[in-house]
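Take a look at the following structure, please.
The values are calculated or read from the model by the stated rules, or taken from the named source; none is laboratory data. This is a predicted model, so every value here is computed, not measured. Virtual Cβ from ideal backbone geometry, glycine too; neighbours counted across all protein chains shown.
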Amino acid sequence: MERNPMRRQLASLRKSLFDQGYLDEQFMELEQLQDDANPNFVEEVVTLYYRDSARLIVNLDHALERRPLDFSKLDGLMHQFKGSSSSIGAKKVKAESTLFREYCKSGNAEGCMRTFQQLKKEYATLRKKLETYFQLARQIGPMESANRPK
Amino acid sequence: MAHTLPSSDQSSDQDKWDSGGLECKGQLLIKIVMRNRLTALVVDGDTTCWVLEQELLHSYGVQTLGVDNSRDAVDLIASDAEFNLIIIEKILPVLNGLAVTRQICEIGVRCKMLEVTACSRESERQAFLAIGVDVFIERPLDPEHLVPILRELDGQ
C-alpha cells in the first residue's frame, strides 16, 4: 500500500484512467518499456502522439469542410489517427475512430461529422487527464512515474 | 530521411543503428532470451507507432533502423542493407504500403516481412499476403505477435 499521499493519488488517477475506459492494456505495454535507460519513455511517446494526432485532427477538420466529402481521404486520415491512438492505448478515441471509418465506408456524412465532434471531445478529455497524470508523476520523481501493474 | 529513436542512448550513433539489452523485461513483455542479434527495418510514417515499434524491438535485443517513408525504405533495401525482419505500415508517404512491399519483394528480399496496420479489411490482408508479406497484423504491434516471429528468426 502506498503511504505517501501523492503516490496514492497517482496510483488512483492511473487506475481511474483504466477503469473509466480511457486507456487499455497497450498503455501498460508502454509502461513496461520504460526503465532506467528510458525513464520518461511513456511521456515521450504520449507527447509524440499529441503532435501526430493534432496534425491529423487539423487535416480532418479541413477535409470535413469540403463539399462533397472525400470519404476515401477521410478514411485514410482516420486510419492513421486510429493507428497512433491504438499505439498508446487511447481506448475511447480508438472506438470513435472505428465508428468514423464505418460512416466513411457507408458514405454517411452526418455520421462522420457527429462522430468526429465526439472524437475531439474524447481526445481533449484524455489529453487533459494524461497531462494531469504526468504532471503529478513528475512531481513524485522519475522512479515512480510508471506504476508497475501488480 | 532515416531517424533513430530519440533516447538518452550513450552509444555512438554515426552508423544510425540502435540497440537494446538482450534480456527483455516486465510481465507484459513475454520473456525470451535471444541467441542472435537480429536486425529489423521499421517503415512507418506515424512517429508514435514507429517509436513504439522500435522500442519494443530494442527490448528484445533487436537492432533497428527506422524510416518514415517508402522511398527511403526502397533505397535502403536496394542498396543491399540486410535485415532479418521488415515491419511495414500500410499507409505511407510517397508510395503506399502495398506498392513499396511489392517493390521490396521484387528486389528479391528474403527476410521476414510483417505488415502492421490500424484496421484491415480481408481483401487488403489477402493482397499483402499474396505479394509476399509473411504476417499481417492489426495495430498495435505487441509481444504476442512479435515473439513467435523473433523466436523463429533466432532459430529457436
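Within the range A:95-133, work out how many residues are without any contact (Cβ under 8 Å) to a residue 24 or more places away in the chain and touching a Lys or Arg at 6+ places or on another chain (Cβ under 7 Å).
Qualifying residue count, the range A:95-133: 2.
As an exercise: evaluate A:GLY83 against (1) over 23 Å from A:LYS15 (Cα atoms); (2) at pLDDT 95 or above; (3) crowded, with 22+ Cβ neighbours inside 10 Å; (4) within 14 Å of chain B (Cβ to nearest Cβ) and give the number of the one condition it does not meet.
With respect to (1) over 23 Å from A:LYS15 (Cα atoms); (2) at pLDDT 95 or above; (3) crowded, with 22+ Cβ neighbours inside 10 Å; (4) within 14 Å of chain B (Cβ to nearest Cβ), A:GLY83 is out only on (2).
Same structure, new question: State the number of residues belonging to the range A:28-53 that are aromatic (Phe, Trp, Tyr) and either surrounded by 20 or more Cβ atoms within 10 Å (Cβ to Cβ) or facing chain B (nearest Cβ under 7 Å) (or both).
Residues of the range A:28-53 aromatic (Phe, Trp, Tyr): A:41, A:49-50.
Checking the rest, the ones that are also either surrounded by 20 or more Cβ atoms within 10 Å (Cβ to Cβ) or facing chain B (nearest Cβ under 7 Å) (or both) come to A:41, A:49.
Counting residues in the range A:28-53 that are aromatic (Phe, Trp, Tyr) and either surrounded by 20 or more Cβ atoms within 10 Å (Cβ to Cβ) or facing chain B (nearest Cβ under 7 Å) (or both) gives 2.
List pairs: first residue in the range B:42-63 and under 22 Å from B:ILE104 (Cβ atoms), second residue aromatic (Phe, Trp, Tyr) and modelled with pLDDT under 90 anywhere in the structure, Cβ distance under 8 angstrom, at least six positions apart or on different chains.
Going by the 8 Å Cβ cut-off, the qualifying pairs are B:VAL42/B:TRP50; B:ASP44/B:TRP50; B:GLN63/B:TRP17.
Another question, then. Quick check on my filter: what residues within the range B:58-77 are part of a helix (DSSP H, G or I) and of a type in the set (Gly, Ala, Ser)?
Taking the range B:58-77 and keeping what is part of a helix (DSSP H, G or I), we get B:58-59, B:70-77.
Matches in the range B:58-77: B:SER59, B:SER70, B:ALA73.
Sort out which residues of the range B:104-126 are outside any loop (DSSP other than H, G, I, E, B) and surrounded by 18 or more Cβ atoms within 10 Å (Cβ to Cβ), and write them in order of number. Talk me through it step by step, then tell me what you get.
Initially, the range B:104-126 is screened for residues outside any loop (DSSP other than H, G, I, E, B), giving B:104-107, B:112-117, B:122-126.
If the condition is that a residue be outside any loop (DSSP other than H, G, I, E, B) and surrounded by 18 or more Cβ atoms within 10 Å (Cβ to Cβ), then B:ILE104, B:LYS112, B:MET113, B:LEU114, B:GLU115, B:VAL116, B:THR117 are the ones that fit.
Picking from A:LYS73, A:LYS91, which residue would you name as being more than 8 Å from chain B (Cβ to nearest Cβ) and within 14 Å of the chain's Cα centre (by Cα)?
Numbers: A:LYS73 fails: within 14 Å of the chain's Cα centre (by Cα).
Answer to the check: A:LYS91.
Then there is this: Does any residue of the range A:58-79 turn out to be closer than 20 Å to B:CYS49 by Cα and surrounded by fewer than 14 Cβ atoms within 10 Å (Cβ to Cβ)?
yes
Only helices (runs of 4 or more DSSP H) wholly contained in the range A:1-92 count here; list those with 3 or more residues that are out of contact with any helix residue (DSSP H, G or I) (no Cβ under 9 Å at 6 or more places or on another chain) and of a type in the set (A, V, I, L, M). Even if it seems obvious, please write down each step before you answer.
Details: elements: A:5-19, A:25-33, A:41-65, A:71-88.
Result: empty, no element qualifies.
Can you tell me how many residues within the range B:60-78 are small (Gly, Ala, Ser), touching a helix residue (DSSP H, G or I) at 6+ places or on another chain (Cβ under 6 Å) and under 18 Å from A:ASN38 (Cβ atoms)?
Qualifying residue count, the range B:60-78: 1.
Right, something else. Which of the following residues is under 24 Å from A:THR132 (Cα atoms), more than 10 Å from every other protein chain (Cβ to nearest Cβ) and in contact with a strand residue (DSSP E or B) (Cβ under 7 Å, 6 or more places away or on another chain): A:LEU17, A:LEU10? It would help to see each step written out before you state the result.
Details: A:LEU10 fails: in contact with a strand residue (DSSP E or B) (Cβ under 7 Å, 6 or more places away or on another chain).
None of the other options fit; the residue is A:LEU17.
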